[in-house]
Amino acid sequence: MAEGAQEKTMKRILLIISCAVLAIGVSGGPLMMRLYFLDGGHRVWLPSFLEACGFPIILIPLSIAYIRRRRSAAATQSTKIKLMLMEPPLFFAFVVIGLITGLNNFFFAFGVSRLPVTTSSLILATQLAFNALFSFLLVRQKFRAYSVNTIVLLTIAAGVLAMHSTGDRPAGESNKQYAMGFALTVLAAVLEGFILPVVELAYKKVKQTICYSTVLEAQFIMCMFASFIGITGMIVTNDFKSISKEARQFDHGEVVYYTVLAGTALLYQCFFVGAIGVVFCASSLLSGVIVAAFLPVTEVLAVIFFKEKFNAEKGVALILSLWGFVSYFYGEIKQAKKMKKNVTLEAEIPQVLPIPNP
């Protein structure tokens, strides 16, 4: 197998793995966080911190990659081995992205604390529209008819929810609290749609080779600085002092409480690693589409496990969302077949060699 073909195959495998990891994070993360609030959790900065604090687990693949680089260097008798592949421009870019992510994590955690998972997930699906807008503005993403159709359908779905949003307000929650949760979840969708194109832009603008080890390093830096935002919020609100008390008062006991916290951190790290991996292997728009595509799974699971209401408005919004997803993937498959056909035709056309003058 040629080196280029082998690299292409490896990238496809990495893309499939990234999609699977992203799907796990998207489907499970909001459910685990909502379980924290339903069973007695009351802090908001704590779960926002948990969304990013699982970054130390990335040290495992980074260490393996470094050991492999050392062995490769030893085999080629090379002495230049970098502990970190990221150069300063990319490092500082992801510091800024991490700080924005930390703020976005708080917005989303606040929304989940006030809204049912079915509602927050449908709102978050609108990130695809913002992702498409920022992809066009920042990385000149090309749009086709099916892409536009997907964006329009998701926007209408969000509008249907907004017009009948108070019908699923949890008991004991004021209109003001619900409205604040709704607004901050929309803002989280906007930032989510902004962050992924910025990541893609950072990959394209820096003057260094981007490999998957670099992607993992970028993920590590991004989540570390996002965690700093969460820690700062927890210090200001005295969340650290409240954890042990909240664990004792948790509906299912302390063991389940700490299991929920650990599960939230792990699932959201899956989300981030998967999303960044898809951006690296494909595009920020595809990453946004996958996020939106698996949110209906979260909604169905919320109805099953949390017995949330699924009224007519949510049903219409879900159908519109699924219609949009099917439209996008149908268009992608159609475009791929068209490109393959064009390549085949070009290969079959015989080249006419010029006849030399006698």
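The values are calculated or read from the model by the stated rules, or taken from the named source; none is laboratory data. Not measured: the values here are computed from a predicted model. Virtual Cβ from ideal backbone geometry, glycine too; neighbours counted across all protein chains shown. Ligands, DNA and RNA are stripped out before the accessible areas are found, and what is left, the full protein with its side chains, is counted by its heavy atoms. Shrake-Rupley method; radii C 1.70, N 1.55, O 1.52, S 1.80 Å.
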Open item on the list: Quick check on my filter: what residues within region 5-58 are farther than 30 Å from I235 by Cβ and open to solvent by 50 Å² or more (accessible area, probe 1.4 Å)?
Closed with: Q6, E7, K8, T9, M10, K11, R12, I13, I16, I17, A20, I24
TODO: Would you be able to tell me the number of residues in region 243-276 that are closer than 25 Å to S287 by Cβ and of a type in the set (V, I, T)?
DONE: 3
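Within the bounds of region 132-143, is there any residue that is open to solvent by 40 Å² or more (accessible area, probe 1.4 Å), of a type outside the set (A, V, I, L, M, F, W, C), closer than 30 Å to V316 by Cβ and assigned to a loop (DSSP other than H, G, I, E, B)? Before you say what the answer is, go through the steps one by one.
In the first step, residues of region 132-143 are kept if they are open to solvent by 40 Å² or more (accessible area, probe 1.4 Å); the result is 133-134, 136-138, 140-143.
This time we only want the ones that are of a type outside the set (A, V, I, L, M, F, W, C), so: 140-142.
If we keep only those that are closer than 30 Å to V316 by Cβ too, we end up with 141.
Now narrow it down to the ones that are assigned to a loop (DSSP other than H, G, I, E, B): 141.
Checking region 132-143: at least one residue is open to solvent by 40 Å² or more (accessible area, probe 1.4 Å), of a type outside the set (A, V, I, L, M, F, W, C), closer than 30 Å to V316 by Cβ and assigned to a loop (DSSP other than H, G, I, E, B).
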Task: Every residue from region 238-272 that is within 19 Å of the chain's Cα centre (by Cα) and outside any helix (DSSP H, G or I) - done: none
- [ ] Scan region 290-344 residue by residue and report those that are open to solvent by 70 Å² or more (accessible area, probe 1.4 Å), within 21 Å of V278 (Cα to Cα) and touching a Ser or Thr at 6+ places or on another chain (Cβ under 7 Å).
- [x] F294
- [ ] Please find, among Y212, Y203, the residue that is surrounded by fewer than 21 Cβ atoms within 10 Å (Cβ to Cβ), at pLDDT below 90, within 17 Å of V96 (Cβ to Cβ) and among the aromatic types (F, W, Y).
- [x] Y203
- [ ] Report whether or not F228 is touching a Gly at 6+ places or on another chain (Cβ under 8 Å), part of a helix (DSSP H, G or I), open to solvent by 10 Å² or more (accessible area, probe 1.4 Å) and not small (G, A, S).
- [x] yes
